[in-house]
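The values are calculated or read from the model by the stated rules, or taken from the named source; none is laboratory data. Just so it is clear, the structure is predicted and the values come from calculations on it, not from any experiment. Cβ atoms come from the backbone with ideal geometry, glycine included; neighbour counts cover every protein chain shown.
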Amino acid sequence: MGVVIIDGSTVRAFVTDDQQFTKSVDERFAALDLNNDGVLSRSELRKAFESLRLLESHFGVDVATPPDELTQLYNSIFERFDCDGSGTVDLQEFRSEMKKILLAIADGLGSCPIQMVLEDDDQSFLKKAADLEAAKLDPNHAQAS
Ligand SMILES: [Ca+2]
């Protein structure tokens, strides 16, 4: 476990770094596409949100939220991602919605830094944002973290 300090500019720098951001999002998309059909289904996207911990960090959802409410919430998230209403989320939709969500997180954080406790194998985008900033500040330290 480690603690990172991030603020809005950390997240924004990550999202606006097209190369890093697209690479991270594409990797995540591929990992989430469990049946490799090139799109994310409802359940695949739900797993995505569970693994990204976005509900806690962005939507302020308590872990004790009743299952019914959670399902409703995941459904509304899915509708947001699935812009064209096709019933699946493709890579373009995933990229553009992740970008919006992370920029909203950046706005929410503003210039007020927060501490995040992360597992070593944490794969969240916020961790990647923090790693990217660390790499820019101290290139030698980047690989060790
Ligand atoms: Ca799929």
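Side notes on the structure shown:
- Where residue 114 falls short, out of the listed (1) among the β-branched types (Val, Ile, Thr); (2) under 21 Å from residue 39 (Cα atoms); (3) in contact (Cβ under 8 Å) with a residue 24 or more places away in the chain; (4) away from the ligand (no atom under 16 Å from the Cβ): (2)
- Count of segment 18-30 residues which are under 13 Å from the mean Cα position of the chain (by Cα), within 16 Å of the ligand (Cβ to nearest atom) and not basic (Lys, Arg): 4
- Only one of the listed residues (79, 69) is more than 16 Å from the ligand (Cβ to nearest atom), at pLDDT 90 or above, over 15 Å from residue 129 (Cβ atoms) and assigned to a helix (DSSP H, G or I). That residue is 79.
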